[in-house]
1. Within the group B:Ile54, B:Ile88, which residue is β-branched (Val, Ile, Thr), in a loop (DSSP other than H, G, I, E, B) and within 13 Å of chain A (Cβ to nearest Cβ)?
2. Does A:Phe326 qualify as being among the aromatic types (Phe, Trp, Tyr), crowded, with 20+ Cβ neighbours inside 10 Å and farther than 16 Å from A:Val258 by Cβ?
3. Name, by its number, the condition in (1) within 12 Å of chain A (Cβ to nearest Cβ); (2) under 22 Å from the mean Cα position of the chain (by Cα) that does not hold for B:Asp108.
4. So, in the range B:173-186, how many residues would count as being over 16 Å from B:Tyr312 (Cβ atoms), in contact with a helix residue (DSSP H, G or I) (Cβ under 8 Å, 6 or more places away or on another chain) and part of a helix (DSSP H, G or I)?
5. Looking only at the range B:125-149, count how many residues are more than 7 Å from chain A (Cβ to nearest Cβ), modelled with pLDDT of 95 or more and either in contact with a Ser or Thr (Cβ under 6 Å, 6 or more places away or on another chain) or surrounded by fewer than 20 Cβ atoms within 10 Å (Cβ to Cβ) (or both).
6. Among the numbered criteria (1) in contact with a Lys or Arg (Cβ under 9 Å, 6 or more places away or on another chain); (2) facing another protein chain (nearest Cβ under 9 Å); (3) buried (at least 21 other Cβ atoms within 10 Å of the Cβ); (4) in a helix (DSSP H, G or I), which single criterion is violated by B:Cys122?
7. Name the single residue, out of those in the range B:279-298 being assigned to a loop (DSSP other than H, G, I, E, B) and over 21 Å from the mean Cα position of the chain (by Cα), that is surrounded by the most Cβ atoms within 10 Å (Cβ to Cβ).
Amino acid sequence: MSTLNDTLQKLCDVAANPAAQLNAMVAQGKKAIGCFPVYSPAELVIAAGMTPFAVWGAEMEISSAKKYFPSFYCGIAQTCLEMGLNGKLDKLSGAMIPVLCDTLKCLGQNWKVGVKNVPFIPVIHPQNRKLPAGVEFMRKQYVAIAEKLSAISGRKVDKASLQKAIDTCNAQRAALREFSDVAALYPHLISPAQRNAVIKSGGFMDRAEHTAAVRQIIEQCRQQPVKEWSGHKVVTTGILADSPALLQVLADNKFAVVADEVAQESRQYRTDVPADADPFNALARQISDMEGCSVLYDPDKKRGPMIVDMVKKHGAQGVVFLMTKFCDPEEFDFPMVKKALDAAGIPMVSVEVDQQMRSFEQARTALQTFADVISA
Amino acid sequence: MSEQNVGEPVPAKIRLRDIAAKAYEEAWEAKKRGEMVGWCASNFPQEIPQTLGIKVVYPENQAAAIAAKGGGLRMCEHAEGLGYSNDICAYARTSLAFLDIGSCEEMDMPQPDFVLCCNNICNCMIKWYENIAKERNIPMILIDIPFKNDYETDDASVEYIKAQFDHAMQQLSEITGKPFSEKRFKEVMAVSQRTAKAWLRAAEFTKYVPSPLNGFDLFNHMAVAVCARGTVEAAEAFEQLADEYEAAVKTGASTYKGEQKYRVLFEGIACWPYLRATSAPLKEHGINVTATVYATAFGVLYNNTAEMMRAYSYVPNCVSLERAADMRINVGRENKIDGAIIHTNRSCKLWSGIMPEVERRIRDTLHIPTVTFDGDQADPRVFSEAQYQTRIEALCEVMAANKEAKA
């Protein structure tokens, strides 16, 4: 029988080498569709008989993408395009790219022009997503995307197959929410890097298989005694928190991530697809139910108060804002989140992250200082 | 107001300047009367506040004016002191600084009681206006124009935009207590069309050789196309402007002083902190700007409500790369350009993120030289005068060689 470490290692291996996962999938005769940030509808891919495969950039040098983007561009968009242009994603049968920020709009357009081997499937989310007309627009978009996916896989997306896919993804979301709470209780068993890998790997695997592995980890943790954590407890927020070097800095300074508000992590699983007689409508309503995300219209700016609640709920001592370089939606949210945290007396540190970052000394210094601040 | 002597006809450019000033004066007066005044995105359907008789002012216009008068750095740095990254759009930084300070010597305007936002130019607008609404605890009305990957706007988008348009009209009426009138709405649509047609007619005179206008003039007149396009005064002033250009074509006169040796597309928002530094090298080399998509972006044409929804989705930053490139290529061809100058605007991720490919298409389709320069619409720290001059010289060399080869 596998141990907790065996199961964790399996998911860490997947997260560290998504290309191997993709190659293996395709070798088995399966088709995979790229799911680009932030909310590509994985359910439609599954319902069409294919595997959704998360593409959130990579730590790599940028060369070919410089022909399309200026230097002041988000690394996620640049490296996604770089991988596309260099043929590293040729095994994908399609690329679903949303338009939730100005940078993503350009990524999609440049992908369409520059990447010939992987068809571009635009995902146009409405920003007035709470209006009935917004939900209806989203539903029509999903119906149109389903038709494109069906044309690729040869399998029609009907109500039954979509509902089954929604159930599969909701089960994964529930498991990851539970895992996040369990990881907060067992920081001596699950490091920040392992916590991230468990979540991130879900974007590269068969959803049910991943859910089973996460459930196993939850059970294996629960068999262990809960111990008092002598380090610091923090909530992370931002777009990405998957840099191995940065996660190691967190571990070195005895930071336990007790909850996250990260786009690649909990924003993917915190909102279930609701029940609805029409599963396309259900999927559209999920977007209208989402709250506190920097790329979704929110005049009430709920993100700050939501992070305050997370800190209180999990007994965290502070917040680490992982600021993705050149990400203006996050940069606009930053002062508002800071205000909400200041008003609640919660310390926060901002650390700039970038997939082209090679030196983490500045981050190390900032986090060491923050550790001193929150333990004072 | 007007500097003309009694009896002399007032030139269109003076009338246009006065209209822009009057629009802001009227907003101040409305505020003093206790009426609600809004902040409005430049490409929000102005037909909505105009129909309800509500005064709005335009933060993008204000930021451009502040930058042109030398206040950009001070305002951007103030916003950065509030926690806003210097990566964020400099119009937004300027505006958020103004919100915090409460006044501005370069260009003042009333503080907002509500905000009207439209993201057909960028999603950055949403983030910027969300923060204004939250900071002031005031209502925000958003019209979301879906980004188009296809060349044409589909019916699903039009239905979605129409529903939002109706909702916005209703919301604004409730917020301000001003009733909606179908009759007034039709009048506003008619006047807006008259203004848009006159503005586009005036802008099209750049097709003549020589052009009767200095292309940079359009950047100045654009403020009226943004803030007063639903008024009869604006329609009349643009009609007069077009008539003046028509007369100038007949006599060979031009507001461009000197010989027009070369005709270019100027791509991107003006580099407002450096208007003189960007225009002087052009004049020195006999270059006139005869093509731009930015100025004409505010000539929104339609015949009915459904077409209006569609028209607001065809503004330059809301369209596919193919359509964006064609807009430049067509305006370049119609206006017989010899080259293109492309502003890589640090503030604008959306514009800058498709421009390298658009530039290749302009160059390859029209067989003309193109150059880019680094700049910003309001933050003066990005532009380099030396780089700009070198690029303009390089462009001139190729344009001269091309002309020689054709001769």
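1. Working: B:Ile54 fails: within 13 Å of chain A (Cβ to nearest Cβ).
Going through B:Ile54, B:Ile88 in turn, just one is β-branched (Val, Ile, Thr), in a loop (DSSP other than H, G, I, E, B) and within 13 Å of chain A (Cβ to nearest Cβ): B:Ile88.
2. Judged against the criteria, A:Phe326 is a match.
3. Among (1) within 12 Å of chain A (Cβ to nearest Cβ); (2) under 22 Å from the mean Cα position of the chain (by Cα), the lone unmet condition for B:Asp108 is (1).
4. So the count comes out to 3.
5. Total satisfying the criteria: 6.
6. Status for B:Cys122: all satisfied but (4).
7. If we filter the range B:279-298 for residues that are assigned to a loop (DSSP other than H, G, I, E, B), which is where we start, we get B:285-286, B:292-294.
Checking the rest, the ones that are also over 21 Å from the mean Cα position of the chain (by Cα) come to B:285-286.
Details: B:His285: 18, B:Gly286: 15.
Top of the filtered list is B:His285.
To keep it simple, each residue is scored yes or no on (1) under 23 Å from B:Ile143 (Cα atoms); (2) modelled with pLDDT of 95 or more; (3) under 19 Å from the mean Cα position of the chain (by Cα).
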residue: B:Val6; (1), (2), (3): no, no, no
residue: B:Ala21; (1), (2), (3): no, no, yes
residue: B:Glu26; (1), (2), (3): no, yes, no
residue: B:Met36; (1), (2), (3): yes, yes, no
residue: B:Thr51; (1), (2), (3): yes, yes, no
residue: B:Gln62; (1), (2), (3): yes, yes, yes
residue: B:Arg74; (1), (2), (3): no, yes, no
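The values are calculated or read from the model by the stated rules, or taken from the named source; none is laboratory data. What you see is a predicted model, and the numbers here were worked out from it, not measured in a lab. Cβ coordinates were reconstructed from backbone atoms using ideal geometry, including for glycine residues, and neighbour counts include every protein chain displayed.
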